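Reviewing the structure listed below.
The values are calculated or read from the model by the stated rules, or taken from the named source; none is laboratory data. Every value quoted in this text rests on a predicted model; they were computed, and no experiment measured them. With ideal geometry, Cβ positions are generated from the backbone for all residues, glycine too; neighbour counts draw on all protein chains shown. Heavy atoms of the whole protein, side chains included, go into the accessibility calculation; ligands, DNA and RNA do not. Shrake-Rupley method; radii C 1.70, N 1.55, O 1.52, S 1.80 Å.
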Amino acid sequence: MEAYGNKMKKVVKFGGSSLASAEQFQKAGRIIRKDEARRYVIPSAPGKRFPKDTKVTDMLYSCYKQAMLEEDEDTEESFEELLLKIKERYDDIIKGLSLSLSLDKEFQIIRENFSKKIGRDYAASRGEYLNGIIMAAYLGYEFIDAAEVIFFDENGSFDAKKTDAVLSERLKGVERAVIPGFYGVRPDGRIVTFSRGGSDITGSIVAKAVHADMYENWTDVSGFLIADPRIIKNPKAIDTITYRELRELSYMGATVLHEDAIFPVRKEGIPINIRNTNSPEDKGTFIVEATCQKPRFTITGIAGKKDFASITVEKAMMNSEVGFCKRVLEVFEQNNISIEHMPSGIDTMTIFVHQDEFEEKEQQVIAGIHRAVEPDFLELESDLALIAVVGRGMRATRGTSGRIFSALAHANVNVKMIDQGSSELNIIIGVRNHDFDSAIEAIYDIFVTTQV
């Protein structure tokens, strides 16, 4: 028998779709029981059982909104009726799992706290809390309320140091446990949640605290895909991706894992494995700090966002004017506009910003730039999209930019901007909104379809 300290440890997080029904719970249960190392489980709230279904978190938000209304207001359903519907969702799961478990007491407390208008975060957190109780009962694991081990400061910011110390100590002698995702507690005892999808973060925090060998994130897709399946039909999956590549793709809109979930495990060098609850035999995607493994394709992934505006500032001898860029950027800062991207030339600089943020303040920004740097010429363009082509394989491959240009020209896509970072890890391409899908199709085709 291995000593306790030498046992392999895996933290497993299951998303909402993986725990939406008793049937899905059973799939998760089989996955957990199949591997002795899967010792710490992070459940999300029940998600959709079918396309037109409602996630329990959204039901809780609606229910709490009703509770916030004055009692004498005429509404279709009272918050208590909505709460009963939520209870029925959980009772269906309990019944389907043949558990002798009652959540009556928990729902009574929730009802009282909703009546006291205790807070929206508290309301949202109950989805994970209740699913955690069911999961612990189903597996025979210890239940640990996240409010006892996940801490935020008085400003609502995550307190990593305190959490890691308390959580590590709490789990030291615990062989197997269920810790609900998504929420923690402030110093005054109020519940606070991470942003939507925050159960990913909880899983990462727990993995760091127990020095896990692996953090498995179970969802409804078999890992990261090279491109958006809404644009590319049946895109190939990514076998292995580095944290840096993932950060670039996540920033440009690729979603499977919450962005902030990367940092706790990255500090510890713990790999993440994105897996599919409905196809557990698939290996999924491994997210690692670094790897010697050569990628299957030159590129690791393609992601992008629409609806940008660009502001091009032109001035002769701009490059010799000390502080020129700083003064231009200060204009955006003063108007509280964040900058997405900034390619530049000898006498020009172009700033890409989110169009909806910029439109309200465009004239103030234009006037501000004129006052700050007295440009020779200033041009605005709207309805632009940015596409990131990311891949560690690009460093060792010549002519990647040329192939992108060639593919886009062949697809009749006009390139507004192309910019390669010094790390040679990503290339950013600017195109018009209406060329967005065509551009991604062309890039995928040249680097993946023709290489298979």
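Remarks
- For the range 7-27, a tally of residues being open to solvent by 10 Å² or more (accessible area, probe 1.4 Å), part of a helix (DSSP H, G or I), of a type outside the set (Asp, Glu) and in contact with a Gly (Cβ under 9 Å, 6 or more places away or on another chain) returns 5.
- Hits in the range 199-239 (condition: on the phi > 0 side of the Ramachandran plot, in contact (Cβ under 8 Å) with a residue 60 or more places away in the chain and more than 17 Å from the chain's Cα centre (by Cα)): His211
- In the set (1) open to solvent by 20 Å² or more (accessible area, probe 1.4 Å); (2) under 20 Å from Asn278 (Cα atoms); (3) within 14 Å of the chain's Cα centre (by Cα), the condition left unmet by Arg196 is number (2).
- Odd one out for Leu378, checked against (1) assigned to a loop (DSSP other than H, G, I, E, B); (2) more than 20 Å from Ile418 (Cβ to Cβ): (1)
- Residue within the range 62-76 that is open to solvent by less than 30 Å² (accessible area, probe 1.4 Å), in contact with a strand residue (DSSP E or B) (Cβ under 8 Å, 6 or more places away or on another chain) and part of a helix (DSSP H, G or I) present: no
- With respect to the conditions (1) among the hydrophobic types (A, V, I, L, M, F, W, C); (2) closer than 16 Å to Tyr40 by Cβ; (3) touching a residue at least 40 places away in the same chain (Cβ under 8 Å), Val174 falls short on a single one, namely (3).
- Looking across the range 134-154, the residues that are surrounded by fewer than 22 Cβ atoms within 10 Å (Cβ to Cβ), over 20 Å from Tyr61 (Cα atoms) and among the hydrophobic types (A, V, I, L, M, F, W, C) come down to Ala136, Ala137, Leu139, Phe143, Ile144.
- Condition met for Lys105 (open to solvent by 40 Å² or more (accessible area, probe 1.4 Å), over 21 Å from Val56 (Cβ atoms) and in a helix (DSSP H, G or I)): no
- A count restricted to the range 353-370 and to residues that are touching a residue at least 12 places away in the same chain (Cβ under 8 Å) and not in a strand (DSSP E or B) stands at 12.
- Test: Asp213 is within 20 Å of Met8 (Cβ to Cβ) and either out of contact with any helix residue (DSSP H, G or I) (no Cβ under 8 Å at 6 or more places or on another chain) or open to solvent by 60 Å² or more (accessible area, probe 1.4 Å) (or both): yes
- Residue that is nearest to Phe324 (Cα to Cα), among those in the range 347-365 that are open to solvent by less than 90 Å² (accessible area, probe 1.4 Å) and acidic (Asp, Glu): Asp347
- Residue count, the range 421-436 (criterion: assigned to a helix (DSSP H, G or I) and either at pLDDT below 95 or open to solvent by 70 Å² or more (accessible area, probe 1.4 Å) (or both)): 1
- Test result for Tyr138, among the aromatic types (Phe, Trp, Tyr) and closer than 17 Å to Gln24 by Cβ: yes
- Between Lys294, Lys305, Lys267, the distinction of being in a strand (DSSP E or B), out of contact with any Phe, Trp or Tyr (no Cβ under 8 Å at 6 or more places or on another chain) and either without any contact (Cβ under 8 Å) to a residue 24 or more places away in the chain or open to solvent by 10 Å² or more (accessible area, probe 1.4 Å) (or both) belongs to Lys305 only.
- The set of residues in the range 270-281 being in contact with a strand residue (DSSP E or B) (Cβ under 9 Å, 6 or more places away or on another chain) and in a loop (DSSP other than H, G, I, E, B) consists of Ile270, Pro271, Thr277, Pro280.
- Selected residue (criterion: nearest to Glu441 (Cα to Cα)) from residues of the range 381-420 that are open to solvent by less than 30 Å² (accessible area, probe 1.4 Å) and part of a loop (DSSP other than H, G, I, E, B): Val413
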